[in-house]
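Step one of this worksheet: look at the structure below.
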């Protein structure tokens, strides 16, 4: 179940996640982790990386709690997503 206390809308998470990735992470991560997935907690400005999107999401949920995250494949910002079901699915825009 998704954390209902979260105040950010999907649009807010998407905008904040894209901005955080572009301004703070993109250059560094594209040098070291091209093709992997980064799961960003936009409220805390923290993230997890893994080659498997589900594994990266599970790591983030373990550390940051059951909430919505901004997820993007490093080097490919064409298809970002926000997890909507903590178990196995992600919603692609």
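A few points about this structure:
- With the cut-off at under 19 Å, measuring from each backbone N in the stretch 55-69 to a point 7 Å along the Cα-to-Cβ line of residue 43 picks out 57-69.
- Remark: 14, 9 ranked as 9, 14, counting other beta-carbon atoms within 10 Å and listing the fewest first.
Every number here is computed from the coordinates shown, using simple stated rules; none is lab data. The model shown is predicted, which means the values in this text are computed figures rather than measured ones. As a convention, Cβ positions derive from the backbone with ideal geometry for all residues, glycine included, and neighbour counts pool all protein chains shown.
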